[in-house]
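The block underneath contains the structure these notes are about, expressed in structure tokens.
Since every read-out is calculated from the coordinates, none of them should be taken as a lab result. None of these values were measured; they are calculated from a predicted model. Heads up, the Cβs are rebuilt from the backbone with ideal geometry, glycines too, and the neighbour counts pull from every protein chain shown.
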Amino acid sequence: MINPLQIDARLPWLLPALLSLVAIFVLSIAWISELYGANLQLFDNRNLNPCQLCIVQRYPYALIVVLGSAATLLSNRAMERTLLLSVISIVLVFGSYVSGFHIGVEYGWWTAGSACSAPIAPLDLSQEVFTLSTDSAPPPNCSDAAWRFPGDNGLSMAGYNFILSTVMATGVSFFALASLNRLPRDS
């Protein structure tokens, strides 16, 4: 049987590189569903407009791309890699918290409060310099799941994000602790 810890010890760049690739994949899925859902005849032939909490759920993945890339480049430096893996696990715990909070808002367990009250100002690309446009439609309500699978009673994207973030946080924490145990000790 293959021991994942042995693979991690022999190929220390593999885990951070995979984390970066998974984060890029998750961000790509979010952007594709937002921008091209209707063109690809997905989601009942409509684009999925993100609410405020949906946007916030993307931040941890963007940060993981950066941190995972740095950990990949620094994979031969055990202390830095271990530190970056630890920070990635904290970022994933934050992502689990935000998506779990969003699930609670969708099911009416609590309200979003001010988290969904201010509209997101999109970029106005018609100018030479990017400026924020304020004359746009308000974002969707955070309590309305834009998409659920399977069917109307299934998990929303926030639900799937909660599962993914929690599983990744657990796995990365496990590998960070194992990496910490492999660090040289001062006598």
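Karplus-based coupling profile of segment 21-26, in residue order and whole Hz: 5, 5, 5, 4, 4, 5, with θ = phi - 60° in 6.51 cos²θ - 1.76 cosθ + 1.60 and x standing for Gly or Pro. Across segment 1-105, the relative contact order, built from alpha-carbon pairs under 8 Å that are at least six residues apart, equals 30 percent. Here the simple spin-label model places points 7 Å from the Cα toward Cβ, and for residue 9 and residue 24 these points are separated by 3.0 nm.
May I ask for the net charge around residue 9, where only other residues with Cβ less than 14 Å from the Cβ of residue 9 are counted and Lys, Arg are +1 while Asp, Glu are -1? Result for the local shell: +2.
Rounded to whole numbers, the Karplus 3J(HN,Hα) couplings from phi for segment 28-36 are 5, 4, 4, 5, 5, 5, 6, 9, 10 Hz, using 6.51 cos²θ - 1.76 cosθ + 1.60 with θ = phi - 60°, and x at Gly and Pro.
Residue ranges 3-14, 59-70 sort as 59-70, 3-14 when ordered by packing (mean number of other C-beta atoms within 10 Å per residue, highest first). Projecting the Cα positions of 36, 18, 73 onto the charge dipole of segment 1-107 (unit charges on Cβ atoms of Lys, Arg, Asp and Glu, taken about the Cα centre) puts 73 furthest along the positive direction. Under 5 Å between amide hydrogens, built in the peptide plane, is the criterion, and for residue 155 it picks out 149 among residues at least 5 positions away or on other chains.
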